[in-house]
Amino acid sequence: MTGHHDPLARLSAEGVSVWLDDISRDRLLTGNLRRLVDERHVVGVTSNPSIFQAAVTKSSAYDAQLDALRQVGADAEHAVRDITTEDVRNGCDLLAELAQRQPGDGRVSLEVDPRLARETDATIVQARELWGHVGRPNLYIKIPATREGLPAITTAIAEGISVNVTLIFALERYRAVMEAYAAGLERRLDAGESLDGIASVASFFVSRVDTEVDKRLATTGGGRTADLKGRAAVANARLAYGAYEAFVSTERWGRLEAAGAARQRPLWASTSTKDPDLPDTLYVTELVAPGTVNTMPEPTIEAVADHGEIRGDTVRTAYDDAAETMAALERVGVDMDDVTRVLEVEGVEKFETSWNDLLATVEARLEAGR
């Protein structure tokens with residue numbers, strides 16, 4: 001499909017980079033990832049602990065590598081590091097040419113151990129290790145936007161490590177993320193280093209906001225909340241883009257851009273719809289704005305390709321509506337500060353659980369062959 005009847009081409013033309021929110025050895029070996037790049041306009045890949053846990057648990061494609069690791073007496077931590085970095089490195093190589101053409105795209109994201117989400121120094125150490133271990137310039141290291149993650153983001157950027165900031169839910173925290181990125185670039189410039197090749201995205205989580213808000217709306221009761229269902233996530237993300245526009249128009253950012261800095265693009269993550277009552281393309285079609293990324297699981301990519309209606313910019317035209325939605329939520333007693341706080345805690349916990357499950361799976365498979 002090309003042009004008018006290809007919603008993904010239309011999305012790309014509107015300035016939204018289509019990324020795949022998944023990676024596995026199977027996708028790499030079968031040519032599936034290559035097909036998505038060639039036919040579905042995919043220009044980047046994100047991974048997270050849950051994605052790797054699913055990939056390794058369900059596939060025999062890792063057996064040979066696990067056998068080799070068992071031979072050298074590797075423990076589960078070491079094995080998981082080698083397995084995940086190999087997939088990411090191969091993904092980076094597949095996208096390397098694209099990365100040359102579209103700086104900031106053509107990249108694969110790899111997350112630091114989620115158990116370090118509250119430890120600044122340990123996060124910095126691991127970001128350096130993973131960056132060196134993968135050894136590809138078109139890598140993003142994912143660092144969570146926890147309070148403790150913010151100084152780690154600044155340090156990583158200052159050291160020339162490109163960062164995908166993950167688990168952003170709150171507007172206030174998102175502003176702090178943009179500050180952390182700018183501070184890292186400033187530190188790098190002050191040290192006389194070049195800003196060439198440094199990129200960053202800020203992953204604003206979408207669907208989980210509706211999941212939590214709609215749960216609360218259901219308990220506040222009354223018909224006056226029904227029309228707010230399924231609206232908080234899009235409104236929150238639209239206001240995030242407003243915050244981004246405000247930031248890139250500051251004098252501070254202007255100085256950095258003049259020195260060669262690349263903008264930290266807003267990335268819409270968690271964009272598969274969790275509520276069957278909502279359209280399956282909702283978090284794609286309603287969040288179209290230039291200079292953004294939308295990372296989607298494959299079923300969402302296919303849904304957009306099949307029936308996504310791309311109507312041009314659906315973010316900047318709807319700032320007033322987004323602000324009104326937030327005000328209406330507040331009026332019916334939804335405390336967004338509490339919502340985003342709960343989501344951050346849950347987000348870190350979910351990734352920790354997946355990581356521990358992945359370690360246990362790999363441990364069991366190493367043991368089974370001993």
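The values are calculated or read from the model by the stated rules, or taken from the named source; none is laboratory data. Predicted, not measured: the structure shown is a model, and the values here were computed from it. Ideal geometry is used to build each Cβ from the backbone, glycine not excepted, and the neighbour counts take in all protein chains shown.
For this structure, a couple of remarks:
- For region 132-159, filtered to residues that are closer than 15 Å to Ser47 by Cα and of a type outside the set (Ser, Thr, Tyr), the residue that is nearest to the chain's Cα centre (by Cα) is Lys142.
- Selection within region 294-339: residues that are assigned to a helix (DSSP H, G or I) and in contact with a Ser or Thr (Cβ under 6 Å, 6 or more places away or on another chain). The member of this set that is surrounded by the most Cβ atoms within 10 Å (Cβ to Cβ) is Val304.
- Qualifying residues in region 340-370 (those that are exposed (fewer than 15 other Cβ atoms within 10 Å of the Cβ) and farther than 15 Å from Thr57 by Cβ) - the one modelled with the lowest pLDDT: Arg370
- Residue ranges of helices (runs of 4 or more DSSP H) in region 1-63 with at least 2 members acidic (Asp, Glu): 32-39
- Pair list, Cβ < 9 Å and 6+ apart or interchain, from region 356-370 residues that are within 17 Å of Asn48 (Cβ to Cβ) to residues that are in a helix (DSSP H, G or I) and charged (D, E, K, R): Asn356/Arg115; Leu359/Glu77; Val362/Glu77
- The requirement of being within 19 Å of the chain's Cα centre (by Cα) and outside any helix (DSSP H, G or I) is satisfied by Leu110.
- A single entry from Leu287, Leu267, Leu278 fulfils the requirement of being in contact (Cβ under 8 Å) with a residue 60 or more places away in the chain, crowded, with 16+ Cβ neighbours inside 10 Å and outside any loop (DSSP other than H, G, I, E, B): Leu267.
- Leu185, sole failed condition from (1) surrounded by fewer than 24 Cβ atoms within 10 Å (Cβ to Cβ); (2) in a helix (DSSP H, G or I); (3) more than 17 Å from the chain's Cα centre (by Cα): (1)
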